[in-house]
1. Look at S118 and say whether it is of a type in the set (S, T, Y), in the same structural domain as M58 (by TED's automatic domain parsing) and in contact with a His (Cβ under 9 Å, 6 or more places away or on another chain).
2. With the checklist (1) under 26 Å from W219 (Cβ atoms); (2) β-branched (V, I, T); (3) surrounded by fewer than 20 Cβ atoms within 10 Å (Cβ to Cβ) in hand, flag the one item T512 doesn't pass.
3. Mind checking which strands (runs of 3 or more DSSP E) fall wholly inside the stretch 645-714 and carry at least 1 residues that are farther than 25 Å from A220 by Cα?
4. In the stretch 445-460, how many residues are surrounded by fewer than 22 Cβ atoms within 10 Å (Cβ to Cβ) and either among the β-branched types (V, I, T) or under 21 Å from the mean Cα position of the chain (by Cα) (or both)?
5. Given the criterion surrounded by 19 or more Cβ atoms within 10 Å (Cβ to Cβ) and either in contact with a Cys (Cβ under 8 Å, 6 or more places away or on another chain) or in the same structural domain as K323 (by TED's automatic domain parsing) (or both), identify the matching residue among G37, G71.
6. For the stretch 529-566, give me the residue count where each residue is in a helix (DSSP H, G or I), surrounded by fewer than 19 Cβ atoms within 10 Å (Cβ to Cβ), in contact (Cβ under 8 Å) with a residue 24 or more places away in the chain and of a type in the set (G, A, S).
7. Quick check on the stretch 675-683. Is at least one of its residues surrounded by 13 or more Cβ atoms within 10 Å (Cβ to Cβ) and in contact with a Pro (Cβ under 8 Å, 6 or more places away or on another chain)?
8. Go through the stretch 413-444 and give me each residue that's over 25 Å from the mean Cα position of the chain (by Cα), assigned to a loop (DSSP other than H, G, I, E, B) and among the small types (G, A, S).
Amino acid sequence: MPLRRRILSLATLTLAIGTAVPSIAQAKASTYKPMKGSEILWDKWGVPHIFAKNTKDMFYLYGYAQTEAHGELLMHVMAGSRGRSSEIYGAGANDRNLKTDRWVWLNEVPKRSALWLSQQIPEFRSYLDSFAAGINAYAAAHPDKLSAEAKQVLPITPLDVIEHTQHFVNFEFVAGRALMEPRNATRTAAASTETASLEMPESPFAPTNMDMQDGSNGWAIAPSHSTSGNAMLLMNPHLAMAGEQTYFEAQLVAPGINLFGASQVGLPVMRFCFSDYLAITNTVNTNNGALQFDIKEQAGGYLYDGKVLQYETSQYPFRVKQKDGSFTTEVVQVQKTVHGPIIRRDKGVPVALLTAGLDKPFFLEQYWKMDTAHNFAEYQAQLRRLEVPMYNILYADRDGHIEYLFNANVPRRTGDWATWTKPVDGSTSATMPHGILSYDELPKQIDPASGYVQNSNEPPWDAAWPNMMDRSAYPAYISSFFPLFRSDRALRMLSEDKKISFDMLLEKKFSTRMEMADRVLDELLADVDQYGSPRAKEAAAVLRTWDRQCEANSRGALLFYTWAQKFISTSVGMTTVAAQKNWAIPYDYNQPLTTPRGIKDPKLAVQMLADAADETVKLYGALDRPWGDVMKIEINGQSDGDIKAVRGPALNGVSLPGNGGYGNLGVFRVFTWGPLLEGKKTPIHGDGFTIAVEFTKPAVKAKSFVFYGESSQPGSPFHTDELPLAEKKQWRDVWRTRPEILANLSSRDAF
């Protein structure tokens with residue numbers, strides 16, 4: 001069958017005949033071999049404990065272990081970060097692979113990654129070589145463990161590792177591929193920074209609907225707020241339950257190194273980590289490092305400061321496998337301005353993208369040096385480099401220091417937050433950023449009087465409440481401000497006790513209480529007494545006996561959730577004016593535990609309850625249906641984390657009553673439940689990987705939990721084995737010593 005070709009411009013797709021497509025092979029694969037005596041000890045939960053003779057061997061074994069546990073996923077994400085996933089796997093559900101490839105080539109990830117790789121210092125470059133070599137070694141030793149498609153991605157090279165890092169961080173989190181989608185609706189200017197506090201639908205933390213609030217939680221607790229006098233840290237990221245956001249938990253041991261933690265599959269260093277010295281965690285922050293510019297085209301180019309400049313152009317072909325096994329070829333035509341590439345056209349107007357952090361090639365090295373630091377000074381020296389383009393970073397150490405940093409490459413520019421939530425005029429240098437804010441200019445809290453720092457994806461100002469940051473002391477464009485009931489719940493749990501023990505920390509982490517219910521339910525019930533119809537009073541009777549939690553046996557949680565959807569409107573976390581219109585007292589960021597509050601229109605709220613009652617019965621069968629009858633703990637066909645995917649049967653037949661709920665309702669134990677299909681909902685985002693750490697002496701104490709288990713490989717026993725723990729809200733012990741691990745050994749890989 002003849003090869004077919006498509007050319008992708010930002011406006012059209014056209015057909016053409018024949019083109020040369022670069023080989024899928026990347027760069028020369030490493031031939032590194034580890035020393036004899038290194039080994040991987042796999043415990044009974046499928047966690048790899050890597051004991052290596054030297055650091056290079058440790059990276060090799062880490063690559064080997066990732067492939068053993070997640071080989072199919074690893075190859076898929078590497079192919080996508082090359083811009084070649086469509087060639088091997090086809091366009092994918094909802095064109096997922098195709099859109100990924102387009103985004104990778106449009107932003108020239110492979111070209112820039114080659115430059116980044118050449119800039120790595122020799123020592124760390126050798127670690128990347130070793131990591132890639134370990135991946136290839138597992139594939140060579142176990143050809144029966146990978147599909148024919150996965151084998152086509154091999155060999156993996158250090159360039160793949162850099163490409164995947166850049167794609168995952170810079171072009172999924174800083175600038176997501178949804179930016180390619182045209183915004184054809186008429187734009188309206190925001191009234192003010194306050195009323196347009198967060199109107200960036202392409203942001204990782206922005207709403208597509210009220211339920212989609214994945215995000216993360218992070219706590220660092222100082223000795224002054226700990227019953228034991230030891231610092232503690234909670235790592236609790238919430239990302240997709242599958243796909244490229246999957247976390248892989250491991251222990252990495254080499255001379256002078258003993259790390260435990262996790263990172264996404266395909267990354268060679270840990271973003272969530274603790275050692276005998278320190279612990280770090282991350283949450284997605286409200287930074288806007290993806291700036292958009294309206295471009296004014298002129299004959300032969302575009303207008304900039306009164307002159308017509310030429311686009312810088314490039315072409316990148318890639319193949320797309322069809323269902324019949326044939327291929328089409330698509331060519332991404334890149335047009336670049338002084339800002340960056342044209343990423344879409346809104347009603348014919350070209351929009352250019354400036355992505356912060358593309359001159360920062362040392363993301364992985366900085367995390368590695370943060371992980372292996374021995375004290376606060378060494379850690380801070382790495383933070384100051386700002387090679388990590390976004391994420392809040394929270395820290396605690398054995399000496400008792402804690403820190404919250406609003407970490408980001410924040411472009412230095414004019415205007416306020418609202419100005420930059422939409423494309424600005426790109427025809428003038430007046431809007432062009434100049435450099436980034438320094439570490440000293442970023443919001444942070446170090447050893448605050450509160451005794452803790454926290455973040456649940458809200459803006460930075462209340463990180464150490466009641467020790468608030470002065471928002472006016474920072475540039476108006478640095479971050480928005482908006483209420484977030486999940487962070488309010490965190491602040492309440494952190495502040496309600498004078499001191500917190502490790503056991504209390506473990507219990508608080510699994511809290512399913514709805515902060516929003518505590519904020520509004522008493523008033524709603526009183527309004528029903530005064531204005532309610534018989535239907536509203538019937539619903540109120542259910543809510544009066546509800547425990548205000550979303551435990552499996554909670555009766556009334558489904559009803560309140562349905563009502564809250566109406567009251568909060570269509571936005572997550574009340575991030576727009578529409579979401580706050582029903583509150584009598586608006587949000588005051590200096591009063592996070594008491595605002596917003598009050599029902600502005602009691603009669604309307606009561607009518608919403610009557611309507612919610614009808615909807616609850618229609619959807620769930622009864623007003624008081626237990627939460628866990630509908631919300632199910634299981635892993636199924638939503639394997640790519642896409643809510644539009646068709647759900648398959650529960651993997652291994654494991655389907656358990658669920659607990660936990662939507663973060664926008666103020667639930668700290670987050671599960672973002674997917675669409676209602678066949679009478680049930682299953683998790684899409686939420687509590688995937690979690691670790692709690694206390695710096696006890698002489699050994700650090702830690703507990704862990706990974707919802708989707710330690711392996712995504714077909715047939716693995718370590719994919720659904722932790723679901724019963726999720727049902728019972730139980731933690732696992734973290735084993736770090738050889739005797740503990742050997743006592744709980746599942747298997748061993750010797751080298």
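The values are calculated or read from the model by the stated rules, or taken from the named source; none is laboratory data. Keep in mind that what you see is a predicted model, and the values were worked out from it rather than measured. Here Cβ is always computed from backbone atoms with ideal geometry, including for glycine, and neighbour counts include all displayed protein chains.
1. Details: of a type in the set (S, T, Y): yes; in the same structural domain as M58 (by TED's automatic domain parsing): yes; in contact with a His (Cβ under 9 Å, 6 or more places away or on another chain): no.
Against the criterion (of a type in the set (S, T, Y), in the same structural domain as M58 (by TED's automatic domain parsing) and in contact with a His (Cβ under 9 Å, 6 or more places away or on another chain)), S118 does not qualify.
2. Among (1) under 26 Å from W219 (Cβ atoms); (2) β-branched (V, I, T); (3) surrounded by fewer than 20 Cβ atoms within 10 Å (Cβ to Cβ), T512 violates only (3).
3. Details: elements: 671-673, 683-687, 689-694, 701-706.
Output list reads 671-673, 683-687.
4. 1
5. On the way: G37 fails: surrounded by 19 or more Cβ atoms within 10 Å (Cβ to Cβ).
From the options G37, G71, the qualifying one is G71.
6. Number satisfying all stated conditions: 0.
7. Yes; the residues of the stretch 675-683 include at least one that is surrounded by 13 or more Cβ atoms within 10 Å (Cβ to Cβ) and in contact with a Pro (Cβ under 8 Å, 6 or more places away or on another chain).
8. G415, G426, S427, G435
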